[in-house]
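**Student:** One structure follows; several queries about it will come next.
The values are calculated or read from the model by the stated rules, or taken from the named source; none is laboratory data. Given the structure is predicted, the values throughout are model-derived calculations rather than measurements. Counting neighbours? That spans all protein chains shown, and the Cβs are built from the backbone with ideal geometry, glycine included. These accessible areas exclude ligands, DNA and RNA; they are computed on the full protein's heavy atoms, side chains included. Shrake-Rupley method; radii C 1.70, N 1.55, O 1.52, S 1.80 Å.
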Amino acid sequence: DTAVSQTPKYLVTQMGNDKSIKCEQNLGHDTMYWYKQDSKKFLKIMFSYNNKELIINETVPNRFSPKSPDKAHLNLHINSLELGDSAVYFCASSHRTSVTGELFFGEGSRLTVL
Amino acid sequence: AQSVTQPDIHITVSEGASLELRCNYSYGATPYLFWYVQSPGQGLQLLLKYFSGDTLVQGIKGFEAEFKRSQSSFNLRKPSVHWSDAAEYFCAVGSGYSTLTFGKGTMLLVSP
């Protein structure tokens, strides 16, 4: 059983389209995250949810909208995709909101915008 | 603001040789420090972490790291590298309830 699973693993789409990435964790964690890893491997946090509530929203365009239907799921919807959105998006979860909590990452979703 | 510098973009080590990956951080107080590893096509996995206490911390897969406050460093070491260690390594720093700040990573290549 994969602890943090994301779908799809690969996504190729045209500029202007809307797409979603889904994430589920079966670790019983309260906190989930979305990270973006750019082409230079730089990893930056986008959002953090604790028990379905948004607690961190970094400077991310409002075309990105996370949704957490329950504490085991955190989905990411992206409207009006742009070339610069091409990246690998990682979902992660942790037991604690504090930075001391170990992050468990999914395998990533590689988004390519043409 | 906290920051992390990994000076080496990539390093090549012969199999069986020792390894040291450098990490320097910038933060006012005592930071929480982490090393994560990312194998190709995979998410990141925690290797080890330092919060307080003994400055030499042991991690998984035979890795260790040493916190040196005077040098603002948290270098990762392994005495004998295996081919399966080839991956991208990320140092990260955080504090209290702040988010983690990751370095830009060091790609480790292992030659036969």
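**Student:** Just for strands (runs of 3 or more DSSP E) wholly inside the stretch B:16-112: which have at least 3 residues that are in contact (Cβ under 8 Å) with a residue 12 or more places away in the chain and within 14 Å of chain A (Cβ to nearest Cβ)? Please lay out each step first, then the result.
**Tutor:** On the way: elements: B:19-21, B:24-26, B:32-38, B:44-50, B:56-58, B:64-68, B:73-78, B:87-94, B:106-111.
Correct list: B:32-38, B:44-50, B:87-94, B:106-111.
**Student:** For the stretch A:13-73, which fully contained strands (runs of 3 or more DSSP E) count at least 2 residues that are under 23 Å from residue B:91 (Cβ atoms) and not β-branched (Val, Ile, Thr)?
**Tutor:** Output list reads A:31-37, A:43-50.
**Student:** Return the residues of the stretch A:74-114 that are under 28 Å from residue A:13 (Cα atoms) and basic (Lys, Arg); say none if nothing qualifies. Please lay out each step first, then the result.
**Tutor:** Going residue by residue through the stretch A:74-114, those that are under 28 Å from residue A:13 (Cα atoms) are A:74-93, A:104-114.
Scanning the stretch A:74-114 gives a single hit, A:110.
**Student:** Would you call residue A:69 out of contact with any strand residue (DSSP E or B) (no Cβ under 8 Å at 6 or more places or on another chain) and not polar (S, T, N, Q)? Can you show your working first?
**Tutor:** Working: out of contact with any strand residue (DSSP E or B) (no Cβ under 8 Å at 6 or more places or on another chain): no; not polar (S, T, N, Q): yes.
Against the criterion (out of contact with any strand residue (DSSP E or B) (no Cβ under 8 Å at 6 or more places or on another chain) and not polar (S, T, N, Q)), residue A:69 does not qualify.
**Student:** Sticking with this one: Can you pull out every residue in the stretch B:9-45 that is under 18 Å from residue B:61 (Cα atoms), among the polar types (S, T, N, Q) and crowded, with 18+ Cβ neighbours inside 10 Å?
**Tutor:** Across the stretch B:9-45, the qualifying residue is only B:38.
**Student:** If residue A:110 passes every condition in (1) assigned to a strand (DSSP E or B); (2) more than 10 Å from chain B (Cβ to nearest Cβ) but one, which one does it miss?
**Tutor:** Going through the list (1) assigned to a strand (DSSP E or B); (2) more than 10 Å from chain B (Cβ to nearest Cβ), residue A:110 breaks only (2).
**Student:** If you don't mind, another one. Under the condition of being more than 10 Å from every other protein chain (Cβ to nearest Cβ) and surrounded by 16 or more Cβ atoms within 10 Å (Cβ to Cβ), which residue from the stretch A:79-93 is nearest to residue B:52 (Cα to Cα)? Working first, answer last.
**Tutor:** Restricting attention to the stretch A:79-93, the residues satisfying the condition of being more than 10 Å from every other protein chain (Cβ to nearest Cβ) are A:79-87, A:89, A:93.
Filter again for surrounded by 16 or more Cβ atoms within 10 Å (Cβ to Cβ), leaving A:81, A:85-87, A:89, A:93.
Values: A:81: 43, A:85: 38, A:86: 38, A:87: 35, A:89: 31, A:93: 23 Å.
Per the stated criteria, the residue is A:93.
**Student:** Turning to a different aspect of this structure: Tally up the residues in the stretch A:17-53 that are within 14 Å of chain B (Cβ to nearest Cβ), open to solvent by 20 Å² or more (accessible area, probe 1.4 Å) and closer than 24 Å to residue A:86 by Cα, please.
**Tutor:** Residues flagged as within 14 Å of chain B (Cβ to nearest Cβ), open to solvent by 20 Å² or more (accessible area, probe 1.4 Å) and closer than 24 Å to residue A:86 by Cα within the stretch A:17-53 amount to 9.
**Student:** I'd like the full set of residues that are β-branched (Val, Ile, Thr) and within 14 Å of chain B (Cβ to nearest Cβ), limited to the stretch A:55-78.
**Tutor:** Restricting attention to the stretch A:55-78, the residues satisfying the condition of being β-branched (Val, Ile, Thr) are A:55-56, A:59-60, A:78.
Within the stretch A:55-78, A:55, A:56, A:59, A:60 meet the criteria.
**Student:** Hey, does the stretch A:58-65 have a residue that's surrounded by 14 or more Cβ atoms within 10 Å (Cβ to Cβ), under 18 Å from residue A:107 (Cα atoms) and at pLDDT below 90?
**Tutor:** no
**Student:** Okay, moving on. If I filter the stretch A:93-104 for residues that are out of contact with any Ser or Thr (no Cβ under 9 Å at 6 or more places or on another chain), of a type in the set (Gly, Ala, Ser) and modelled with pLDDT of 90 or more, do I get at least one hit?
**Tutor:** no
**Student:** Would you mind finding the one in A:55, A:45 that is farther than 25 Å from residue B:105 by Cβ and either free of Cβ contacts under 8 Å to residues at least 40 places away in the same chain or out of contact with any helix residue (DSSP H, G or I) (no Cβ under 6 Å at 6 or more places or on another chain) (or both)? Give the steps one after another, and end with the answer.
**Tutor:** Values: A:45 fails: farther than 25 Å from residue B:105 by Cβ.
On inspection, the qualifying residue turns out to be A:55.
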